[in-house]
Amino acid sequence: MQKHQQLKILLVEDDQDSMNFFMSCFQEEYNILCASSGEEALEYFEQEDDIAMVLSDQAMPGMTGVELLTHIYQQNESVIRIIITGFLNTADIIAAINKGHIYQFIVKPWELVQMRMVLSQARGTWQLRRENDELQKEILTQNYLLTRANKHLHASKETLRNLSISLFTAREEEQRRIAMELHDELGQSLAALKMQTRIMENDFLTAEKKQQEKIKNWSTVLRTNISQIIEDVRLLSKNLSPVIIEDLGLDAALQQLINNFTEAQGISCSFQPAPLQDITSTDGKRIVYRLVQESLNNICNHAKATHIDFSIKVDQEQIFLSLVDNGKGFHVQEILARPQSRRGIGLTAMSERVKMLGGTFDIQSIINQGTTVSFTIPFDFNREEKK
Ligand SMILES: Nc1ncnc2c1ncn2[C@@H]1O[C@H](COP(=O)(O)OP(=O)(O)OP(=O)(O)O)[C@@H](O)[C@H]1O
Ligand SMILES: [Mg+2]
């Protein structure tokens, strides 16, 4: 018969004959340790960590079987506990069930067939419990790994967000530098050119009458062109870096953006401003400005709208911005499903910018009715600068 080496049984029996009989029946199949008292059994239990089953006689000098199995249950719940007894009173049975959580009662004198069956069933139960324990350990390990992966993911998201903010800040700084260069260098040079043209104009007044007229006309065209270039450079510089935010604050900058937009595009706009002085972070102000600017650009480039409702609301925790146009609308899902290479970057940039501030971005559009772009931005994004 195959010996179940892994299955170690601790037999606790004070009667030598009963012990010998058990050994002679099962020592071929199981790895059996024998103890003649509850105390000795506990010593074995401390030394051997892989005991699968404890079969104990109930009536022994010193510790009873039920008391022993109660101790064992407290030390290791998954060990199978069996009581072998000639007689059990009701109190012992209740204690055996409630405290010792025993697996089986076997009544003395036991029959070989019955004992073999009980041991075999107990072995199955023990194996199931062991597999269950291992599965639970595995679940714990997986849970631990999952929690760790989640933490990493969270940290990566945070890093990505910080990186986006740094990129945004770097880009804004670079644009600001270019804007200054355009203004200071190119703008000034063109202004000088304009002045020189006027000098040239005056000089040529002394030339011959016929040539004078021709040159004067050319000169006027030249001056008009240069004026246009100066205006373009100024506009470009202003768009690159909305210096006005730093000078006058976000409220004024938005108001001016709307004024310029309605004037240039001939689109009416109802604007309900809200005090935005709580936005203290420079990046926050710039991002809000850029969101409105890009929304207006889209209305101007695509919507064919005649009116815009622009509103800003502020509560304790967040800012709500919404721009509603009455233009031609578009299929939002269809546009967003296009690969990035086949669409503009405006909506993506808006969504990324709002994410940087930990907010939400929503766009709803109905064909021939118009488009609503809305942003919710928590004031939380000021936190770095509030510390
Ligand atoms: N208010 C709007 N009304 C109608 N269509 C719009 C509106 N806003 C966006 N769209 C549509 O969504 C598309 C994507 O907008 P998005 O801002 O991402 O790119 P774009 O404006 O085409 O290019 P970019 O912003 O890079 O200059 C637009 O091409 C347009 O078809
Ligand atoms: Mg756009």
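See the values below:
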{"read-out": "Protection proxy ranking of 266-274, 56-64 - average other beta-carbon atoms within 10 Å, highest first", "value": "56-64, 266-274"}
{"read-out": "Helix-only [θ]222 nm of the chain, DSSP H runs n ≥ 4, -39500 (n - 2.57) each, per residue, nearest 500", "value": "-19000 deg cm²/dmol"}
{"read-out": "Cβ-based charge dipole, the chain, positive-most Cα from T64, S120, S268", "value": "S268"}
{"read-out": "Top of E131, E173, E352 by mean-square fluctuation, Gaussian network on the chain, Cα under 10 Å", "value": "E131"}
{"read-out": "Radius 12 Å from Cβ of S219, net charge of other residues (Lys, Arg +1; Asp, Glu -1)", "value": "+2"}
{"read-out": "Of the DSSP H helices in the chain, those whose Cα atoms cover at least 20 Å axially and whose Kyte score averages -0.5 or more", "value": "188-204, 250-265"}
{"read-out": "Given charges at Cβ of Lys, Arg, Asp, Glu: the range 4-110 dipole, positive-most of A91, A41, L11", "value": "A91"}
{"read-out": "Computed over the range 4-110, Kirkwood Rh from alpha-carbon pairs, angstrom", "value": "13.6"}
{"read-out": "Cα centre as origin, Lys/Arg/Asp/Glu Cβ charges: the range 4-110 dipole, Debye", "value": "420"}
{"read-out": "Entries of K151/K355; K8/K137; K157/K313; K194/K216 with Cα pairs more than 24 Å apart", "value": "K157/K313"}
{"read-out": "Proximal charge balance of S268 [Cβ under 13 Å; K/R count +1, D/E count -1]", "value": "-3"}
{"read-out": "About the Cα centre, charge dipole magnitude for the range 242-387 (Lys/Arg +1, Asp/Glu -1 at Cβ), debye", "value": "520"}
{"read-out": "Candidate residues V288, V324: accessible-area rank, largest first, probe 1.4 Å", "value": "V324, V288"}
{"read-out": "For the range 242-387, the fraction of alpha-carbon pairs in successive 5 Å shells from zero, as %", "value": "2, 9, 20, 22, 21, 14, 9, 3, 1, 0"}
{"read-out": "Kirkwood Rh, Cα atoms: Rg over Rh of the chain", "value": "1.47"}
{"read-out": "Among beta bridges that DSSP assigns inside the chain, antiparallel share in %, nearest 5", "value": "45"}
{"read-out": "Scattering profile of the range 236-328 at q = 0.21, 0.22, 0.23 Å⁻¹ [log10 I(q)/I(0), Debye over alpha-carbon scatterers]", "value": "-1.08, -1.17, -1.26"}
{"read-out": "Cβ-based charge dipole, the range 174-214, positive-most Cα from L190, N202, A179", "value": "N202"}
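The values are calculated or read from the model by the stated rules, or taken from the named source; none is laboratory data. Not measured: the values here are computed from a predicted model. With ideal geometry, Cβ positions are generated from the backbone for all residues, glycine too; neighbour counts draw on all protein chains shown. Ligands, DNA and RNA are excluded from the accessible area calculation, which covers all protein heavy atoms including side chains. Shrake-Rupley method; radii C 1.70, N 1.55, O 1.52, S 1.80 Å.
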